[in-house]
Structures are given as C-alpha cells and as structure tokens.
Amino acid sequence: MKRPYVLIVSEVTIDGKLTLAKGVSSKEIMKLMDEEANRYLHQIRAECDGIMVGANTVRIDNPNLTVRYVEGKNPTRIIPASTGDIPLDANVLNTDVAPTVIAVSRKAPAERLEKLKERGAQVVVAGDERVDFGELLPKLYGMGIKKLMVEGGSKVNWELIKNDLVDEIRLIHLPVVVGGDDVPSLVSGEGFKTLEAVKRFKIKRVFQCGNQVITEYEKTP
C-alpha cells in the first residue's frame, strides 16, 4: 500500500542528545538555534502535508507544530498516542490553527476518544495494543498526507526506523555537548545489536547554516 514520504528532522547536540536532561523540554536546547536554523526547520514544515511528534513530546514540550519563521501553510499535526493520553489542553488540540489527527490503538478508551473529538481532533485507529505505524501510514496517505515530517521523539523515531518507514533524515547539529547516560538521543528502543541489522543511510548533503551544521541523509536502497 502507498504511504507518505517520511522525513525525520531533529536538532541534535555534538553528542547526539535531544534535550538537556531526561524529562526536560527540547524547547530549552532549541533556544540555541539561530534564525537561519529556525528558517530551515520551518521551511521543511511548510513543504510537508503532515507533521508528527509522539505523545510524550506533546506532554513535555506542548508544541504548536505550526509554520512561523517562513511563509507557508500549517501542516496537519499527527500525534500517535496508543490510549489517547495527551492533555486535553495541549496546544496541538487548538484545531483553529491547523487540523490534528490523534492516532490510537484499538484499546484506547471510547470516552477518551470522544473528548478528543470534542476538541476538534480526528481520531484514526491503527494497531491493537499500540499504534501500528505500518497500518497508520497508508491511512494517512489516503487522507492526503503525501509527505510527512517527523520531529520526534526518540521512541517514535525508533519505531519508524525499525520498520523501514523512514526515507530521509535531516539533522541540525548544535555546537554544544550535554552528556548524561539517560538523556534522550535521536533514536531509543532496543537497538539493532549487530552490524548486519543496522539501518543504512547515505549522505545526501552537508552544509553550514548559521552557527549550525546540517546533515541530510537518504535511505540506502
């Protein structure tokens, strides 16, 4: 079945971290991004039909996921949340500024789904116990999401990469080191463990953007 072109975009530190500490909003470290890097990020948002972040990112960062630094249309926000457990006052549920899709599993409580719908969100069911991205992405394609930007977090990135659902990765490298054993990195999960199992990408482009370096990778056929 057809699915969207999936593009992971993220800021990372020199040591590959996404935040300053576990449970801390990535908005803190994103304050280090200069205007050029923000324009780069928001230009990609404007070029995509949908933008995805995980439920944990919504709970911690409470992002708007809108286009601000460039001219362009706000993409549809897509939030995978197996039980629909995101705050009902989350910014992504302000559907006056952009449509929002909450992807849930079949175990999500009906009462919760009704409350999300009352906020204006569209609910899409994909998966039995957890959101099944292989089932979700074709449904999103059928809804007009042909190009999907994924801004994390690390668990969502892992699920997509693990299941060969990522076509491109673009990283905004911040020139700082954070450290920390339990600080989230770009991808979490159980990992691939062997060289034969790792997912391979090839370098598409590398360039300086303000005080950041951008690296762009595309999936190896």
Report, to one decimal in Å, the Kirkwood hydrodynamic radius for the range 67-221 based on all distinct Cα pairs. 17.7
Could you go through the range 57-71 in sequence order and give the Karplus-derived ³J(HN,Hα) for each residue, using 6.51 cos²θ - 1.76 cosθ + 1.60 with θ = phi - 60°, rounded to whole Hz, and x for Gly and Pro? 5, 5, 5, 7, 8, 6, x, 8, 6, 10, 8, 10, 7, 9, 7
Straight-line reach from Lys204: which aspartates and glutamates have a Cα under 14 Å away, not including same-chain ones fewer than 8 places off? Asp167, Glu168, Glu216, Glu218
What does a probe at Val70 reach in the range 175-207, counting residues whose amide N is under 20 Å from the point 7 Å along Cα→Cβ? 204-207
Dipole in debye (nearest 20) - the chain, about Cα centre, beta carbon charges: Lys, Arg +1; Asp, Glu -1: 420
Bridge orientation stat for the chain from DSSP, antiparallel percent rounded to 5, came to 40
At most 15 other Cβ atoms within 10 Å and a DSSP loop assignment: could you name the GluC sites (Glu not before Pro) in the range 99-186 that fit? Glu129
Interchain or sequence-distant (5+) residues whose placed amide H lies within less than 5 Å of the amide H of Glu11 are Ile172
Cβ-Cβ FRET estimate between Thr83 and Asp181, R0 fixed at 35 Å, reported to 0.05: 0.75
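For the cross-link pairs Lys199/Lys219; Lys22/Lys155; Lys31/Lys219; Lys27/Lys202; Lys117/Lys146; Lys31/Lys155, which exceed 18 Å when the distance is taken from alpha carbon to alpha carbon?
Lys31/Lys219; Lys27/Lys202; Lys117/Lys146; Lys31/Lys155
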For the range 39-71, state which trypsin sites (Lys or Arg not before Pro) are in a DSSP loop and have at most 12 other beta carbons lying within 10 Å of their beta carbon. none
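How large is the accessible surface per residue of the range 98-168, computed with a 1.4 Å probe and reported in Å² as a whole number?
44
The values are calculated or read from the model by the stated rules, or taken from the named source; none is laboratory data. As the structure is a computational prediction, the values presented were derived from the model and not from experiment. In this analysis, Cβ positions are derived from the backbone assuming ideal geometry, glycine residues included, and neighbour counts consider all displayed protein chains. The protein model used for the area step is the full one, side chains on, heavy atoms only, and it has no ligands, DNA or RNA in it. Shrake-Rupley method; radii C 1.70, N 1.55, O 1.52, S 1.80 Å.
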